[in-house]
Amino acid sequence: MNTDITASATPEYPVIDRNPPFTKVVSNFSVLDYFRFATITGVSVTVGYLSGIRPGIRGPSMVTGGLIGLMGGFMYAYQNSAGRLMGFFANDGEVEKYKKLKN
């Protein structure tokens, strides 16, 4: 079973790293990625709190919502960062950054 995404789709932008490791993807997070990560987490905490029907359940519901949002926000930021490195999303900033590092 081939799990390489590039086998089924052709990148539209310059490829920086075809198969980037976890550390490279996380270190490539942009300010917008962190903003989206924090926003998804914050909204999930709020929704978790408001979905607690009784006062005694609001705390655990808020924590659960926050954890779900934390994981979802991280995965969304990771997906965007990896997509830019692999050339599936616009990556002008990354191309310039990695050109400077090579020289």
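Figures for the structure shown
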{"item": "Test result for Phe37, surrounded by 13 or more Cβ atoms within 10 Å (Cβ to Cβ) and either among the basic types (Lys, Arg) or not in a helix (DSSP H, G or I) (or both)", "result": "no"}
{"item": "For Tyr49: the one exception among (1) over 30 Å from Met86 (Cα atoms); (2) within 22 Å of the chain's Cα centre (by Cα)", "result": "(2)"}
{"item": "Residues of region 59-103 classified as aliphatic (A, V, I, L, M) and closer than 11 Å to Pro14 by Cβ, total", "result": "4"}
{"item": "Neighbours by Cβ (under 7 Å, 6+ apart or cross-chain): first from region 12-27, under 19 Å from Glu96 (Cβ atoms) and open to solvent by less than 70 Å² (accessible area, probe 1.4 Å); second of a type in the set (Ser, Thr, Tyr) and assigned to a helix (DSSP H, G or I)", "result": "Ile16/Tyr98; Val25/Tyr78; Val25/Ser81"}
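Each row is one residue, and each column tells you yes or no for (1) open to solvent by less than 60 Å² (accessible area, probe 1.4 Å); (2) within 25 Å of Leu101 (Cβ to Cβ); (3) within 11 Å of the chain's Cα centre (by Cα).
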position	(1), (2), (3)
Ala9	yes, no, no
Ser30	yes, yes, yes
Val43	no, no, no
Gly56	no, no, no
Gly59	yes, no, no
Gly72	yes, no, yes
Gly87	yes, yes, no
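The values are calculated or read from the model by the stated rules, or taken from the named source; none is laboratory data. Fair warning: this is a prediction, and the values are worked out from it, not measured in the lab. No Cβ is skipped: glycine too gets one built from the backbone with ideal geometry, and neighbour counts run over all protein chains shown. Ligands, DNA and RNA are stripped out before the accessible areas are found, and what is left, the full protein with its side chains, is counted by its heavy atoms. Shrake-Rupley method; radii C 1.70, N 1.55, O 1.52, S 1.80 Å.
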